[in-house]
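Right, one structure below, let's go through it.
The values are calculated or read from the model by the stated rules, or taken from the named source; none is laboratory data. Just so it is clear, the model here is predicted, and its values are computed rather than measured. As a convention, Cβ positions derive from the backbone with ideal geometry for all residues, glycine included, and neighbour counts pool all protein chains shown.
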Amino acid sequence: MPEGKPAGVRCVQLGDDLRCTIFGKPERPACCSGLQPQAEMCGASRADALVWLARLEHDTRPERHDPACLPPGPAHASSMGATGKASPKVTPKAASNSKTGEPE
């Protein structure tokens, strides 16, 4: 996905078995290989993990993303402010409990 993966869009590198088809390969984007899964990200089910990923996608939407995750191009340039410097890095918010909506 040369311009990055929009939130809510299935990654083109996700196989039918729900595994990354370029895992461990040099063409895997740095923002993907930099994501280190933790138990709280996975939750108790696939649904819990998808809730966490949706929050992560929301919190790192284009106007807040780390431009290192995108190759140079229009999407990369739009992430730079008038100074030509990247926006500050965003730390994802804590996942919420899928049953109560409260932070875990």
Listed by first then second residue, the pairs whose first member lies in the stretch 45-59 and is closer than 14 Å to ARG10 by Cα, whose partner is among the aromatic types (Phe, Trp, Tyr), with beta carbons under 9 Å and at least 6 positions apart or on separate chains, are none
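Of these, ALA49, ALA77, ALA39, which one is at pLDDT 55 or above and exposed (fewer than 14 other Cβ atoms within 10 Å of the Cβ)? Full working, then the answer.
Details: ALA49 fails: exposed (fewer than 14 other Cβ atoms within 10 Å of the Cβ); ALA77 fails: at pLDDT 55 or above.
On inspection, the qualifying residue turns out to be ALA39.
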